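Single-structure report; data block below.
The values are calculated or read from the model by the stated rules, or taken from the named source; none is laboratory data. Since we're looking at a predicted model, the values are computed, not measured. Cβ atoms come from the backbone with ideal geometry, glycine included; neighbour counts cover every protein chain shown.
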Amino acid sequence: IFAAVLRQSYPEKLSRLWVRQWMMMWWLTGFVISLAYTSNLIAFLTIPKNPQRIQTIDELAASPLSVLMQDYGNFLPVALKTSEDASLRRLGSDLELFPWTEVGDSYIEYAMPKVMEATHTLVETYSYLMLVQEMANLQEETYFLRDIVYPGYLSWLMPKNTPYTSVLSEELQRLVESGIIRKLYKDHMGEQNFKIEVSHWQTLNIEHLQGPFMLIFFGLLLSSITFAVEMSVTKCAET
């Protein structure tokens with residue numbers, strides 16, 4: 001039995017038919033088990049593992065990445081530190097502010113290099129982040145999280161008590177609900193082009209071995225039936 005698993009020869013001669021059938025199925029079982037182990041070991045040692053992308057706030061809070069944000073008086077740092085959500089509080093405690101400068105672009109010169117070093121992540125409004133990403137020419141090397149920390153709003157300043165407020169609000173809401181705003185935003189702002197190499201190779205699992213194990217099962221069933229028939233014939237011959 002152990003010789004079959006270790007792919008070693010068996011010197012003894014088997015005389016009974018059911019024993020030969022049973023050993024044939026067991027040798028096939030040992031071959032499948034050893035082949036599956038060897039294949040998974042080779043796949044583990046040779047197939048490159050793709051990095052897991054962070055997509056949610058909880059995953060970001062659990063990662064070693066620190067959060068970067070420009071210090072221009074935004075409410076977000078205080079809101080994160082006082083949030084009731086544990087993940088947001090964790091991000092607020094690790095938040096690092098960098099100053100705004102009149103000369104040069106601190107996003108390009110300070111923030112994006114830290115992002116590319118895989119030590120920090122940058123938080124800002126979605127549209128402005130897309131602009132920074134394009135200016136730094138890092139559309140294929142960086143990506144946006146699926147979760148949004150806070151939405152950004154644009155306001156229309158109108159005279160007080162103007163009768164057009166409700167009309168404009170209703171029409172703007174209709175544009176949003178119909179998908180026109182999203183279509184215009186997509187046409188003008190573009191889409192994310194983050195590329196990640198995905199390997200088409202995968203390790204063997206039990207689903208790939210269903211066929212061989214079904215053959216083993218039917219072979220063992222056949223050998224059991226043969227054994228039962230031989231026992232019946234032997235008893236009949238003795239009587």
Quickly run through the range 124-147 and pick out the residues that are surrounded by 15 or more Cβ atoms within 10 Å (Cβ to Cβ) and either part of a helix (DSSP H, G or I) or touching a residue at least 40 places away in the same chain (Cβ under 8 Å) (or both). GLU124, LEU129, MET130, VAL132, GLN133, GLN139, THR142, TYR143, LEU145
Could you tell me which of the residues ASN161, ASN137 is assigned by TED's automatic domain parsing to the domain that holds LEU184 and over 34 Å from the mean Cα position of the chain (by Cα)? ASN161
